[in-house]
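**Q** Below are the structure tokens for one structure; questions will follow.
The values are calculated or read from the model by the stated rules, or taken from the named source; none is laboratory data. Only a predicted model underlies this, so the values are computations on that prediction, with no experimental measurement involved. FYI the Cβ positions are ideal-geometry reconstructions off the backbone, even for glycines, and counts take in every protein chain you see. For accessibility, only protein heavy atoms count, side chains too; no ligands or nucleic acids. Shrake-Rupley method; radii C 1.70, N 1.55, O 1.52, S 1.80 Å.
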Amino acid sequence: STLAKIKHWALRESKTARVRLSDQQKPQGVEHELATLTLRNPVRGQQMSVSPQDPFDPIELYAWFLGLNINWRGRGVFLRYYMTFPVGYPRDVKDKILASFRRGLLRALPASLVSEPAFAQFCVEERASEPAAYAAAVMPRLNITPSDDGVAYAVFDFGGGTTDFDFGYYRLATPKEEDEGKEEVFEHFGAAGDKFLGGENLLANLASLVFRHN
């Protein structure tokens, strides 16, 4: 089976019917109903245990695969991770996704690392909305430099599953902010978004209409 739109599953799973995964080997096929996504943060400083009694979490599995690809001998081990989210995602959903990523990434790291002092740096945190993160990444690449008054920016992100908008100023730090160690600042003014308007959603609806009419 293929589970698409994991991000949307996390957003809708408590309000819609449970998702069932079925393999295609009949009549001995296996069917699995996904459990509700819960807030299960690992305990800092403790090696994480996993048993058959733990619910299957597709987001945790996805994070584990990412961790295995990020952390390997030829690249090194990374302990700090920052995530972005669509503008309209509620706090409780973001917290659950962050917890699942912490568990998955932790499982991808060497178990012996947990007891090392360096592991105190391990963190998985929300850093910004998706359009704000895009602005922060792309403006230096476009050689757009901040000024004292600020350079206005606006991002309209029509993505696969969501549509987001963010705007603000890209400016130099004030003397007070410089004392805090900041050199450049993205001053965020506002944001808005639609959690279910995206290109993949429109394609799915178009495909459904074509199927029904043919």
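**Q** Against the condition part of a loop (DSSP other than H, G, I, E, B), touching a Pro at 6+ places or on another chain (Cβ under 9 Å) and at pLDDT below 95, how does G193 come out, does it pass?
**A** Here the answer is no, as G193 does not meet what is asked.
**Q** Of all residues being open to solvent by 80 Å² or more (accessible area, probe 1.4 Å) and assigned to a loop (DSSP other than H, G, I, E, B) in the stretch 27-42, which is modelled with the highest pLDDT? Just the residue, please.
**A** L39
**Q** While we're here: Report the residue count in the stretch 46-73 for those that are under 16 Å from V124 (Cα atoms) and open to solvent by less than 50 Å² (accessible area, probe 1.4 Å).
**A** 6
**Q** Okay, moving on. Which of the residues belonging to the stretch 173-195 are over 25 Å from E130 (Cβ atoms) and not small (G, A, S)?
**A** T174, P175, K176, E178, D179, E180 - these are the residues of the stretch 173-195 that are over 25 Å from E130 (Cβ atoms) and not small (G, A, S).
**Q** Can you tell me how many residues in the stretch 126-164 are open to solvent by less than 80 Å² (accessible area, probe 1.4 Å) and either more than 30 Å from R44 (Cα to Cα) or not in a helix (DSSP H, G or I) (or both)?
**A** The total comes to 26.
**Q** Report, by residue number, each residue of the stretch 165-190 that is among the hydroxyl-bearing types (S, T, Y) and either part of a strand (DSSP E or B) or surrounded by 16 or more Cβ atoms within 10 Å (Cβ to Cβ) (or both).
**A** Y169, Y170
**Q** Could you grab me the full set of residues in the stretch 74-117 that are loosely packed, with under 15 Cβ neighbours inside 10 Å and in a helix (DSSP H, G or I)?
**A** R91, D92, D95, A111, S112, S115, P117
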